[in-house]
Amino acid sequence: MDFSKLNGYYGLIFEGAKYTILVSMVSLVIGFILGLLICLMKMSKVKILKLISSAYIQILRGTPLFVQVYIIYYGLPQIGFDFPDIGPISSKFIAGAFALSINSSAYVAEIFRSGIQSVDNGQMEASRSLGLGYTDTMRFVIVPQAIKNVLPALANEFITLVKESAVLSVIGTQELMFKAGIVVTAVYSPMEPYLVAGATYLVITSVLSKLVGILEKKLAQSN
């Protein structure tokens, strides 16, 4: 193997790494919001909301992300839903972030559900006895505690998103694997560019895992 042939291309790979982190962060934020909404729907007493949320989670967790990306990017335009370019943000980035977001939201919903269920039932009873309604109790008492409980799990979900974002290369999203593919074409050798890409993923996820460990220790000390 000759890594010298990659001289002049490391900047391209680094650019892809930044793109990977960005699309993962955007997807986590949107997935967080959607996941919380789906979780509350599933835990509500309205049957239709529980049915919709349960089906949503089952479908997205039961099908490969690869398939979901293809349906969203190639299938939705067929029925008249096109992802537009918004200023410097490409349609491929938007489609990719959307696919990652809804996939992540199904897992985040289950994370939130376990977090809410971990809050002592006495919290709900005490809040209701003080005159708070169900909605206000969930908003001001239960959900804030649940979020604190699941922060490490949400951080791990971000690590998962970083790795799964590699799938977006199939639709031309300019993330790390797509950039590595460009380098492969330029140097006529797949081993070195993909090894560097793999090492870059490893560095990113290792740093994030270290940060998750620090977060878990701080949360443990605050309890």
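The values are calculated or read from the model by the stated rules, or taken from the named source; none is laboratory data. Since the model is a prediction, treat every value here as computed from it, not as a measurement. Please note: Cβ atoms are built from the backbone with ideal geometry, for glycine as well, and neighbour counts cover all protein chains shown. Remember, those area values only see protein heavy atoms, side chains included, never the ligands or the DNA or RNA. Shrake-Rupley method; radii C 1.70, N 1.55, O 1.52, S 1.80 Å.
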- Is the stretch 121-133 home to any residue that is touching a residue at least 60 places away in the same chain (Cβ under 8 Å) and closer than 25 Å to LEU34 by Cα? no
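So that you can scan it fast, the table gives a plain yes or no per residue for (1) at pLDDT below 90; (2) in a helix (DSSP H, G or I); (3) among the small types (Gly, Ala, Ser):
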site: PRO144; (1), (2), (3): yes, yes, no
site: LEU154; (1), (2), (3): yes, yes, no
site: VAL184; (1), (2), (3): no, yes, no
site: SER189; (1), (2), (3): no, no, yes
site: SER206; (1), (2), (3): no, yes, yes
- Cβ pairs under 6 Å, 6+ apart, first in the stretch 1-21 and under 13 Å from PHE93 (Cβ atoms), second buried (at least 18 other Cβ atoms within 10 Å of the Cβ) and of a type in the set (Lys, Arg): GLY16/LYS179
- For residues in the stretch 1-13 being in contact with a Leu (Cβ under 9 Å, 6 or more places away or on another chain) and part of a helix (DSSP H, G or I), which is surrounded by the most Cβ atoms within 10 Å (Cβ to Cβ)? ILE13
- Query: Pairs, please: C-beta under 8 Å, at least 6 apart or cross-chain, first residue more than 21 Å from GLN68 (Cβ to Cβ) and in the stretch 160-187, second β-branched (Val, Ile, Thr) and not in a helix (DSSP H, G or I)?
  - Reply: none
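Per-residue answers, yes or no, for (1) of a type in the set (Ser, Thr, Tyr); (2) closer than 21 Å to ILE142 by Cα; (3) more than 14 Å from the chain's Cα centre (by Cα); (4) open to solvent by 90 Å² or more (accessible area, probe 1.4 Å):
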| position | (1), (2), (3), (4) |
| --- | --- |
| PHE32 | no, yes, no, no |
| ILE38 | no, yes, yes, no |
| TYR56 | yes, no, yes, no |
| GLY75 | no, no, yes, no |
